[in-house]
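Visitor: Pasting a structure here, questions to come.
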Amino acid sequence: MTTLLERAADARRRASAFASEYPFEPHFLNLGGATMHYVDEGPRNAEPLLFLHGNPTWSFLWREAVKRFSAERRCVAPDHIGCGFSDKPRDFPYRLETHITNVEKLVDALGLERITLVVHDWGGAIGCGFAVRRPEKVARLVVMNTAAFTGIRAPLRIRACHVPVLGPLAVLGFNAFARAASVMATERRGGLEEPVKRGLLAPYGSWSERIATLRFVQDIPLTPAHPSWSTLMDIEHGLERLQHVPMCLIWGERDWCFTPVYRAEWQRRFPKAEVHIAERAGHWVMEDAREEVLGWMQQFLAAHPLP
């Protein structure tokens, strides 16, 4: 059995190839059946920012935000089970409900209160799932290119990954989802810079390491018959519990997956939300419009100080 010290040493070794981008100490939480890795930077008694990534990313996505805000705030960024430096078990319930429960366990283990929740992609459904379950914990919401509701048809490129045999072979065998995302999820000419691409893809180098990449796609509830449909519906119906929470919407407007239609739906549901549109950014808005995004976040936090 691998000890936490051995896990930490392994995480440092793997991160050494992109240490200038991701210079954080590894932390781990045993969830009972799997171990979650997370970043925890900044003063422990300061107000917390909780960053939740999607697929096929990991806490590396939030590296610049952690660097920017951890001088004054506690920045926590977990890797969902199956992602980043967390365990990647083959026999694990990779369901939306399970990921929400894992975030709840992390929050309770760290004693986080008055959380500013920052979400992207699958992190939106997971984070909002936590927020509607524990609304007393959430003080602010920053939402980027994501959804936590039904009613908008998923793009063909996402639905294709549900095709039996073909979908698993492409995602697991050829890392097609993650490799394609390094080009399709950004509007940068030629794709992401090599150090960034290397960091984002680093945890997904082999077939066995890509299990969650596939399971996340398969867990997208396209119809009411899907096992996670009811979980997503509960989240959707619970969003009204968050109407009192200050929200900042930041959107990469050229996203082919979470198109401006999704942004408009967030605005319809949260008409008081502060909205910022990155006109030339794609799905990975944190990569395409980094300084704008960090500036908007800084303004939002300053405009809504915690009591």
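Any read-out appearing in this document is the output of simple, stated calculations on the displayed coordinates, not a laboratory observation. Values in this document were obtained by computation on a predicted structure and should not be read as measured data. Every residue, glycine as well, gets a Cβ built from its backbone with ideal geometry; the counts of neighbours run over all protein chains shown.
Visitor: Pairwise over distinct Cα atoms, reciprocal of the mean inverse distance: report the Kirkwood radius of segment 1-124 in Å, one decimal place.
Guide: 14.6 Å
Visitor: Let me spell out the model: positive unit charges on the Cβ of Lys and Arg, negative unit charges on the Cβ of Asp and Glu, origin at the Cα centre of the chain. What dipole size does that give, in debye rounded to 20?
Guide: The calculated dipole for the chain is roughly 320 debye.
Visitor: Looking at the chain, do any whole DSSP H helices span at least 15 angstrom along their long axis by alpha carbon and average 0.5 or above on Kyte-Doolittle, and which?
Guide: Length and hydropathy pass: 122-133.
Visitor: Which whole-number percent gives the relative contact order of segment 84-148, counting Cα pairs below 8 Å spaced six or more residues apart?
Guide: Computed value for segment 84-148: 36 percent relative contact order.
Visitor: Which residues' amide hydrogens lie under 5 Å from the amide hydrogen of residue 27, considering only partners 5 or more residues apart or on another chain, with H built in the peptide plane?
Guide: Amide H neighbours of residue 27, under 5 Å, 5+ apart: 38.
Visitor: Which loop trypsin sites (Lys or Arg not before Pro) in segment 85-118, with loop taken from DSSP, have no more than 13 other Cβ atoms within 10 angstrom of their Cβ?
Guide: Filter output for segment 85-118: 90, 114.
Visitor: Lysine pairs, Cα distance under 22 Å, 8 or more residues apart or cross-chain: how many in the chain?
Guide: 5
Visitor: Over the chain, calculate the relative contact order: mean separation of alpha carbon pairs under 8 Å at least 6 apart, over the residue count, as a percent.
Guide: For the chain, the relative contact order is 18 percent.
Visitor: Starting from the Kirkwood Rh over alpha-carbon pairs, what translational D in µm² s⁻¹ does the chain have by Stokes-Einstein at 10 °C and 1.306 mPa s?
Guide: 82 µm²/s
Visitor: How charged is the neighbourhood of residue 98? Take every other residue with its Cβ under 11 Å from the Cβ of residue 98, and add Lys/Arg as +1 and Asp/Glu as -1.
Guide: 0
Visitor: What is the local net charge at residue 269, summed over the other residues whose Cβ is closer than 15 Å to its Cβ (Lys, Arg +1; Asp, Glu -1)?
Guide: With Lys, Arg at +1 and Asp, Glu at -1, the net is 0.
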